[in-house]
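Notes follow once the structure below has been shown.
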Amino acid sequence: MHRRSPLIHRGPVCKTGQAGWQKILYVKQPYPDNYVDENAFLSSLVTNENLHPYDYWAMVHDSASVIQVISAIALFGLVFNNCWAGTLDAPMLLAIDAGLCVVAGTVRGLLSCNRRQDPGPSISSQQLRSGLILLGVLLGLTPILRSLTQAYSDDTILLLSIICLGFHALSQDYAFMTNYRERFNGIASLNLAIFATVMLASRLETNAKVFAFILFAVEVFAAFPMFVHFLKKNMEGLFHMLTCLLSCLTAVLLSLSSSMVVACIYIFAVIFISIVCPFWLKYLQRYKAIIHGGWDEAIPGVPLRHHCSD
């Protein structure tokens with residue numbers, strides 16, 4: 001008894017007695033090659049087949065890295081403003097730089113010891129040697145960096161620095177900071193921040209203040225993403241505590257050193273990014289429609305063969 005092949009999908013039979021269209025290629029049919037059955041065209045339509053709904057609280061947690069970058073830029077601007085105004089001298093800024101290094105190194109060392117991830121003395125000596133080389137090079141280049149952009153006006157330097165810091169925030173490697181990636185890919189963002197730092201450092205009056213300011217920028221823009229990635233990977237609670245601490249500290253310092261208007265703008269930005277934007281994105285996802293059907297390109301699925309030894 002002849003059985004019909006399951007691969008043949010017969011279309012409906014026309015009222016005129018003409019055979020219905022079949023989705024096969026090896027049988028000559030009285031239809032053009034580009035014929036489409038109107039009754040079966042939309043039968044295989046699938047909407048949002050592989051769409052994964054957003055989790056609101058997961059997006060709120062991931063927005064912490066954006067808040068950290070904005071807070072770091074705001075604190076960087078406060079430090080420059082106080083250095084330029086003369087209210088923050090070089091010894092005080094160097095003490096802040098040293099304190100940040102000690103705190104970050106202590107936290108990293110404690111977490112590494114608790115999780116048995118001690119890197120060993122060789123890596124520690126290599127990091128210390130690299131840090132000393134960086135300090136020596138920075139100290140030697142300080143007089144050049146101080147006089148690098150003296151021919152430009154203050155307004156031009158401030159405008160270019162603001163633009164560079166804005167693009168720094170936009171191009172930051174947030175996937176690395178939130179531990180979605182193990183390798184840092186924010187080289188362009190780091191270059192923009194260092195370029196803005198060099199331009200702003202040329203507005204300061206002494207070599208010691210330029211050295212301390214550039215060292216602070218290296219800690220904020222180069223070392224801070226690495227430290228945040230380490231916290232997110234090893235202890236997520238400290239990661240979110242750091243976000244809250246930075247937000248509160250930045251809001252207080254902006255209200256005291258700058259103005260209440262700037263502090264209110266910063267608080268509004270933090271609330272908008274961390275609370276409103278995730279809700280907005282989740283709300284807009286309901287209007288997303290990705291249509292799949294028989295018109296899509298065929299993706300061959302080759303089953304994996306498991307070779308088992310007898």
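The values are calculated or read from the model by the stated rules, or taken from the named source; none is laboratory data. These figures come from a predicted structure and were not determined experimentally. A quick note on method: Cβ atoms are made from the backbone with ideal geometry, for glycine too, and the neighbour counts reach across all protein chains shown.
Of all the residues that make up segment 165-198, how many are more than 30 Å from Ala151 (Cβ to Cβ), touching a residue at least 40 places away in the same chain (Cβ under 8 Å) and surrounded by fewer than 20 Cβ atoms within 10 Å (Cβ to Cβ)? Give the derivation first.
So in segment 165-198, the residues more than 30 Å from Ala151 (Cβ to Cβ) come out as 172-186.
Imposing the further condition that a residue be touching a residue at least 40 places away in the same chain (Cβ under 8 Å) reduces the set to 172-174, 176-179, 184.
Still in the running and surrounded by fewer than 20 Cβ atoms within 10 Å (Cβ to Cβ): 179, 184.
Number satisfying all stated conditions: 2.
Does segment 139-155 contain any residue that is within 28 Å of the chain's Cα centre (by Cα), surrounded by 14 or more Cβ atoms within 10 Å (Cβ to Cβ) and at pLDDT 75 or above?
no
Looking at (1) of a type in the set (Gly, Ala, Ser); (2) touching a Lys or Arg at 6+ places or on another chain (Cβ under 7 Å); (3) at pLDDT 90 or above, which is the one condition that is false for Ala193?
(2)
Exactly one condition in (1) touching a helix residue (DSSP H, G or I) at 6+ places or on another chain (Cβ under 8 Å); (2) part of a helix (DSSP H, G or I); (3) at pLDDT below 75 is not met by Arg129; state its number.
(1)
Could you tell me whether Ala201 is buried (at least 21 other Cβ atoms within 10 Å of the Cβ), of a type outside the set (Phe, Trp, Tyr) and more than 19 Å from the chain's Cα centre (by Cα)?
Yes: the conditions hold for Ala201.
Give Val270, Val302 a once-over and let me know the one that is at pLDDT 90 or above and of a type in the set (Val, Ile, Thr). Quick ask: steps written out before the conclusion?
Values: Val302 fails: at pLDDT 90 or above.
Answer to the selection: Val270.
Inside segment 163-207, can you point out the residues that are part of a helix (DSSP H, G or I), of a type in the set (Val, Ile, Thr) and under 21 Å from Phe227 (Cβ atoms)?
Across segment 163-207, the qualifying residues are Ile187, Ile194, Thr197.
For segment 68-104, enumerate the residues that are assigned to a helix (DSSP H, G or I) and among the acidic types (Asp, Glu).
Hit for segment 68-104 is Asp97, nothing else.
What are the pairs with Cβ atoms under 8 angstrom where one residue, in segment 223-242, is on the phi < 0 side of the Ramachandran plot and the other, located anywhere, is of a type in the set (D, E, K, R) and assigned to a helix (DSSP H, G or I)? Sequence gap at least six, or different chains.
Phe227/Arg108; Phe230/Arg108; Phe239/Lys232
Considering segment 217-248 alone, what residues qualify as being aromatic (Phe, Trp, Tyr) and crowded, with 22+ Cβ neighbours inside 10 Å? Steps first, please.
Kept after step one, since they are aromatic (Phe, Trp, Tyr), are these residues of segment 217-248: 221, 224, 227, 230, 239.
The answer is Phe221, Phe239.
Being surrounded by fewer than 12 Cβ atoms within 10 Å (Cβ to Cβ) and in contact with a strand residue (DSSP E or B) (Cβ under 8 Å, 6 or more places away or on another chain) is the requirement here; does Thr47 meet it?
When the stated conditions are applied, Thr47 passes them.
Against the definition (among the charged types (D, E, K, R), over 30 Å from Ala196 (Cα atoms) and surrounded by 14 or more Cβ atoms within 10 Å (Cβ to Cβ)), how does Asp62 come out, yes or no?
Details: among the charged types (D, E, K, R): yes; over 30 Å from Ala196 (Cα atoms): no; surrounded by 14 or more Cβ atoms within 10 Å (Cβ to Cβ): yes.
It is false that Asp62 is among the charged types (D, E, K, R), over 30 Å from Ala196 (Cα atoms) and surrounded by 14 or more Cβ atoms within 10 Å (Cβ to Cβ).
Examine segment 275-290 for a residue that is modelled with pLDDT of 85 or more, of a type in the set (Ser, Thr, Tyr) and touching a helix residue (DSSP H, G or I) at 6+ places or on another chain (Cβ under 7 Å), and state whether such a residue exists.
no
Criterion first (closer than 17 Å to Val210 by Cβ, surrounded by 14 or more Cβ atoms within 10 Å (Cβ to Cβ) and free of Cβ contacts under 8 Å to residues at least 24 places away in the same chain) does Leu88 satisfy it?
On the way: closer than 17 Å to Val210 by Cβ: yes; surrounded by 14 or more Cβ atoms within 10 Å (Cβ to Cβ): yes; free of Cβ contacts under 8 Å to residues at least 24 places away in the same chain: yes.
Criteria met by Leu88.
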